[in-house]
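The values are calculated or read from the model by the stated rules, or taken from the named source; none is laboratory data. Note that the coordinates shown come from a computational prediction; the quantities given were computed from them, not determined experimentally. Backbone-built Cβ (ideal geometry, glycine too); neighbour counts: all protein chains shown. Please note that ligands, DNA and RNA were not included when accessible areas were found on the heavy atoms of the full protein model with its side chains. Shrake-Rupley method; radii C 1.70, N 1.55, O 1.52, S 1.80 Å.
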Amino acid sequence: MTPMAEAGEPTEYRQIQFRRPPGAAEVLLVRHGESAPSRSGEPFPMVEGQGDPELHADGHEQARRLADRLAAEDIAAIYVTPLRRTAETAAPLAERLGLRPAVEPDLREVYLGEWEGEFRRHVVEGHPIALRMSAEQRWDVIPGAEPADAFAARVRGAIERIAARHADECVVVVSHGGTIGQILAAATSARPFAFTGADNGSISHLVVDGDRWIVRRYNDTAHLHPGFTTRPEPLT
């Protein structure tokens, strides 16, 4: 719109507010709620070689709070991964919205090779490979872990497919910490682990406009705080 001004008065230019570009898709990236603790001698059930714990009681509460936060958003679809902690996190929101989550296998967590089911213990105990992983920002220093290029390619492909299906729409993707970190690192050309460590139940916000990926927010946890009683301004 052309700026208007009365005769003799200076033309004013307001700050430009972000609007979703025509044809773009908005993706609300949710990290699943807290999962059950790992215990020595009690391995998690496995799904296609990956640990598949259920949600902890606190994770179920995070899922309920997430539903409260997003129930009024204009959401066209919900995506989850084959790992049940994502389906359990999505369930309260899906019920509120009357949506059936779709499974997107390529948004599952990075495969941790020989450390599947033992990753937490090795990190807490300061295993030398865990220290190297952190220093080099590479999952694939773990024996048998998914190569970095393969992980990046499958995750990018999944986001591109979802965005192509949902032009001019907003979707929720319930995924995993490593996967969300990879998506946002790709969007910003950041170091591989720059966005690793999103909180359980948090929301990150990505706009996919063709080859341009725009990060609108990261690790939004307002709905998880004890003082949260009202829904903030719409995310989209």
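Tally Lys and Arg at +1 and Asp and Glu at -1 over the other residues with C-beta under 10 Å from the C-beta of His127: what net charge comes out?
For residues surrounding His127, the net value is 0.
Net charge near Ser40, counting Lys/Arg +1 and Asp/Glu -1 over other residues with Cβ under 10 Å of its Cβ?
0
Enter the angle in degrees (range 0 to 90, nearest 10) between the Cα long axis of helix 84-97 and the first principal axis of the Cα atoms of the chain, meaning the one along which they spread out most.
Relative to the chain, helix 84-97 is tipped by roughly 30 degrees.
Kindly sort Phe18, Phe193, Phe151 by accessible area of their heavy atoms, largest first, with the probe set to 1.4 Å.
Highest to lowest solvent-accessible surface, that is Phe18, Phe193, Phe151.
So what is the relative contact order for the stretch 1-121, in percent, with contacts set as C-alpha pairs under 8 Å and at least six apart?
23
Quick one: go through the stretch 157-185 and flag any residue whose amide nitrogen is under 18 Å from the point 7 Å out along the Cα-to-Cβ line of Arg100.
Answer for this model: 172.
Cβ neighbours within 10 Å, averaged per peptide: list 69-76, 208-215 in order, most packed at the top.
69-76, 208-215
Over the stretch 17-72, what is the relative contact order in whole percent, taking alpha-carbon pairs under 8 Å and six or more residues apart?
34
Using only Cα atoms and rounding to the nearest 10 degrees, what angle (0 to 90) does helix 148-165 make with the longest principal axis of the chain?
Tilt of helix 148-165: around 40 degrees.
Probe of 1.4 angstrom, ligands and nucleic acids ignored: what's the accessible area per residue over the stretch 116-203, in square angstrom?
Dividing the accessible area of the stretch 116-203 by its residue count gives 44 Å².
Out of the total accessible area of the chain (probe 1.4 Å, heavy atoms of protein only), what percent is carbon and sulfur?
C and S atoms contribute 49 percent here.
Going by alpha carbons, how many degrees (0 to 90, nearest 10) lie between the helix axis of 177-188 and the longest principal axis of the chain?
40
Applying a 10 Å radius around every beta-carbon, put 131-137, 152-158 in order of their mean neighbour count, most first.
So the peptides 131-137, 152-158, ranked by packing, come out 152-158, 131-137.
Hey, what number do you get for the chain at 222 nm if only DSSP H runs of n ≥ 4 count, each worth -39500 (n - 2.57), divided across all residues, to the nearest 500?
For the chain, the value works out to -9500 deg cm²/dmol.
At 7 Å along Cα-to-Cβ for each site, give me the label-to-label distance between Glu136 and Arg39 in nm.
Between Glu136 and Arg39, the label points sit 3.5 nm apart.
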